[in-house]
There are 2 protein chains.
Amino acid sequence: MDRENRVSITVIRRLPKYYRYLGELLKKGINRISSQELSKLTGFTASQIRQDLNNFGGFGQQGYGYNVEELRNQLGKILGLDRTYKTIIAGAGNLGQAVANYRGFEEAGFKILAMFDKNPKLIGLKIRDIEIKDVDEMENFIRENNIDIGIITTPKESAQDVADIFMRSGIRGIWNFAPADLKVDDKVIIENVHLNESLFTLSYFLKNESDYVRD
Amino acid sequence: MDRENRVSITVIRRLPKYYRYLGELLKKGINRISSQELSKLTGFTASQIRQDLNNFGGFGQQGYGYNVEELRNQLGKILGLDRTYKTIIAGAGNLGQAVANYRGFEEAGFKILAMFDKNPKLIGLKIRDIEIKDVDEMENFIRENNIDIGIITTPKESAQDVADIFMRSGIRGIWNFAPADLKVDDKVIIENVHLNESLFTLSYFLKNESDYVRD
DNA sequence: TAGATTGTTAATCGATTAACAATC
DNA sequence: TAGATTGTTAATCGATTAACAATC
C-alpha cells in the first residue's frame, strides 16, 4: 500500500467496532443491514460508515444494503483476522495473567505460546496450558518459534528492555500495556494500551461535564 | 463549561500524556521546558502543544517556556487529579484483580473500596486489602459509600446489568473493560477500554504496513 | 417498475500547521 | 538590551456531513 492510498488511522480504529457489531448480528441470524441501521448500532453516521467501507471496496448493493456475513468476512480480512498469530506475554503478573486468560483473543486467532517473567516464584507455573518461563529464555524462544506479536505487561521500568529483546529477535508487533512510550525500529508496529490515560480522560469528563458529547 | 467553549476530545486525550512526561521531568529535577522540547518527547508538534495548552490558559512565559511543576499541577487540576475518587470494581476475575493490584491508580487518587463478584469461591477473598463481596451487596455499598466511579471487569454478558445497577445507585462515571457499548443516562460518563479493538488495530497494521505513520 | 440504498462527489466543518508580533 | 519562546491569528490540510445520481 503506498503512501497515497493509505487509509487514515481514524478510519482503521472504527473497523473493529463494525466487525464486532456484525458478529453480533450474525449470531442473531440477521443477514442484511443498511448503513442507516449500522449507524444506529455504532453511533457513527450512515454517511461516515459508507465512506469508511468504500476505502476498501464496494461491499454493498444499492437498494439492499450490506450482507452481514460477507461484510464481516471482508472486514476480517482487512484487519488481518483471517490468519492466526503466534504471541508471547512478557510479564506474568496479574495483568499478564488476565490477558492469558482472556479467551476472546484466542478465538480471534491470537495464540499465546508462552509467558515470561523473572520472578522465580512464577516460573514453572501454568496459566491455562500456558507455561511461565524464565525471561532469560525469551529471546531464543521467540526465534525458534517465529513469534509474531509480543505483549508487554511488565512494570514500566522493564518495558523498554523487553521491547529491545523483542526487536532483536525479530518480533513484528508489540502490544504494550506499560505506561511508557517505547522506542523501536520503524518496522515494528506498536499498539499501546495506556490505562492511565484512559482513566484520566474519564476523570476529566467527571470534573468538567456530564453531558459532553463524545466519540 | 458551555457548548461554545468545549475543548475537543482529541485535545483532552493528549493531556494525560503531557501530564505523564512532566511528571518524569520533575523526577529528573528538570524544572523548565519549551514546547519544542516537549514536542521531542511526546511526538506532537510544538505548535500543537501550545495550541492545546492555550485552550486552558497561558501557562508559559515568552522567552522562557513552561515551568514543569506548575504546568503539571495545572494539568492535574484540569484533569480532575487534584482530588481523590472512591471506586469499586465489578468483576473480580483476573482483569479485576489486575486493576485492583495496580498501584498507579491509587497513587493518582483513585481509591478502590471494594470488589464485587457472584462467584462464591471468590467472595470473602482479599486482593491487597480490598475485599471481594457478593454482587448482591453492591447497590447498597455504592449508596452508603458515595462511590464516584464504577469499574466493569465482568464478561460482556453481565456488563449491561452492572451498568444498570451503577446508574440507579448514583455512580457518575464508568470505566468499562467489557467489549460492549453500554447504554446509560446522558449524565453518566463512560470511558471504554476495548482491548479487542486495540489488538485488531495492531493486526491491521501488521498485515498492511510496517512503516505506517501513526498517531 | 417503484422504492430503497449504495457509492461518490461536493460542501462544510474542525483540527493541525505555519507564521509572527508580543513580551519575558 | 538581544535572544528566545510564547500566545494567537491565518493558512492549510483532512475528516465529516450532505446530497444525489446510479443501480439493484
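Values quoted throughout were computed directly from the atomic coordinates according to the rules given, and no laboratory measurement underlies them. This is a predicted model, so every value here is computed, not measured. Counting neighbours? That spans all protein chains shown, and the Cβs are built from the backbone with ideal geometry, glycine included.
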>> Check which residues have an amide H placed less than 5 Å from B:F110's amide H, if you skip close sequence neighbours.
In response: B:Y85
> For the modelled label position 7 Å from the Cα of A:V7 along Cα-to-Cβ, which residues of the stretch A:49-70 have backbone nitrogen atoms closer than 18 Å?
Replying inline: A:49-61, A:66-70
> Sequence-distant or interchain residues sharing an amide H contact under 5 Å with A:S34, placed H: which?
Replying inline: A:Y66
> Which residue, B:I171, B:I78, B:I142, tops the fluctuation ranking in a GNM of chain B built on C-alpha contacts under 10 Å?
Replying inline: B:I78
>> Testing the spin-label approximation: label points 7 Å from Cα along Cα→Cβ at A:K183 and B:R83. State their distance in nm.
In response: 4.0 nm
> At B:V7, with labels set 7 Å past Cα in the Cβ direction, how many nm apart are the copies from this one, shortest first?
Replying inline: 3.3
>> 7 Å from Cα along Cα→Cβ at both A:K121 and B:N119: what's the point-to-point distance in nm?
In response: 2.0 nm
> Label points 7 Å out from Cα along the Cβ direction at A:N140 and B:K40: separation in nm?
Replying inline: 4.1 nm
>> With the cut-off at 22 Å, tell me which of the pairs B:K86/B:K156; A:K17/A:K187; A:K17/B:K86; A:K156/B:K133; A:K111/B:K118; A:K40/B:K183 have Cα atoms farther apart than that.
In response: B:K86/B:K156; A:K17/A:K187; A:K17/B:K86; A:K156/B:K133; A:K111/B:K118
> Going by a ≥ b ≥ c, the root eigenvalues of the Cα gyration tensor, does the stretch B:84-190 fall in the rounded group (a/c under 1.5), the prolate group (a/b larger than b/c) or the oblate group?
Replying inline: rounded
>> I need the shape label for the protein assembly as shown. Rule: rounded when a/c is under 1.5, else prolate if a/b > b/c, else oblate, with a, b, c from the alpha carbon gyration tensor.
In response: rounded
> Can you tell which of B:L26, B:A180, B:F44 lies farthest toward the positive end of the dipole of chain B, using +1 and -1 charges on the Cβ of basic and acidic side chains (Lys, Arg; Asp, Glu)?
Replying inline: B:L26
> Rounded if a/c is under 1.5, else prolate if a/b is larger than b/c, else oblate: which is chain B, with a ≥ b ≥ c the root eigenvalues of its Cα gyration tensor?
Replying inline: prolate
> When Cβ neighbours within 10 Å are restricted to other protein chains, what is their mean count per residue of peptide A:51-62?
Replying inline: 0
> Put a point 7 Å out from Cα along the line to Cβ at B:N146; what are the distances to that point in the other copies, in nm, shortest first?
Replying inline: 6.0
> Can you give the relative contact order of chain B as a percent, counting alpha carbon pairs under 8 Å and 6+ residues apart?
Replying inline: 13 percent
>> Can you list the copy-to-copy distances for A:Q160, using a point 7 angstrom from Cα toward Cβ, in nanometres, shortest first?
In response: 4.6
>> Over chain A, with a Gaussian network built from C-alpha contacts below 10 Å, which listed residue (A:Q36, A:Q62, A:Q48) shows the highest mean-square fluctuation?
In response: A:Q62
> Could you give me the ³J(HN,Hα) list for the stretch B:98-109, computed from phi with Karplus coefficients 6.51, -1.76, 1.60 and θ = phi - 60°, whole Hz, x at Gly and Pro?
Replying inline: 4, 5, 4, 7, 7, 5, x, 5, 5, 4, 7, x
> What does the charge dipole of chain B about its Cα centre add up to, to the nearest 20 debye, if the Cβ of each Lys and Arg holds +1 and the Cβ of each Asp and Glu holds -1?
Replying inline: 660 debye
> Which ³J(HN,Hα) values, rounded to whole Hz and listed in residue order, are derived for the stretch B:178-187 from phi using the Karplus coefficients 6.51, -1.76 and 1.60 in 6.51 cos²θ - 1.76 cosθ + 1.60 with θ = phi - 60°, glycine and proline given as x?
Replying inline: 7, x, 8, 9, 7, 9, 9, 3, 4, 6
> Ordered by residue, what ³J(HN,Hα) values in Hz, to whole numbers, does the stretch B:140-148 give under the Karplus form 6.51 cos²θ - 1.76 cosθ + 1.60, where θ = phi - 60° and Gly and Pro are x?
Replying inline: 4, 4, 4, 4, 5, 9, 6, 5, 8
> So which trypsin sites (Lys or Arg not before Pro) in the stretch B:5-49 are both in a DSSP loop and have at most 15 other Cβ atoms within 10 Å of their Cβ?
Replying inline: B:R6, B:K28
> Which chain B residue comes nearest the axis with its C-beta when you rotate B onto A, and by how many angstrom?
Replying inline: B:A98, 2
> Under a point-charge model restricted to the Cβ atoms of Lys and Arg (+1) and Asp and Glu (-1), what is the dipole moment magnitude of the stretch A:3-78 relative to its Cα centre, in debye to the nearest 20?
Replying inline: 240 debye
>> Ignoring everything except DSSP H segments at least 4 long, calculate the 222 nm mean residue ellipticity for chain A; use -39,500 (n - 2.57) per segment, divide by total residues, nearest 500.
In response: -13000 deg cm²/dmol
> For the stretch A:85-197, what is the charge dipole size about the Cα centre, in debye to the nearest 20, if Lys and Arg each add +1 at the Cβ and Asp and Glu each add -1 at the Cβ?
Replying inline: 220 debye
> So which residue, out of B:I89, B:I147, B:I33, gets the largest mean-square fluctuation from a GNM of chain B using Cα contacts under 10 Å as springs?
Replying inline: B:I33
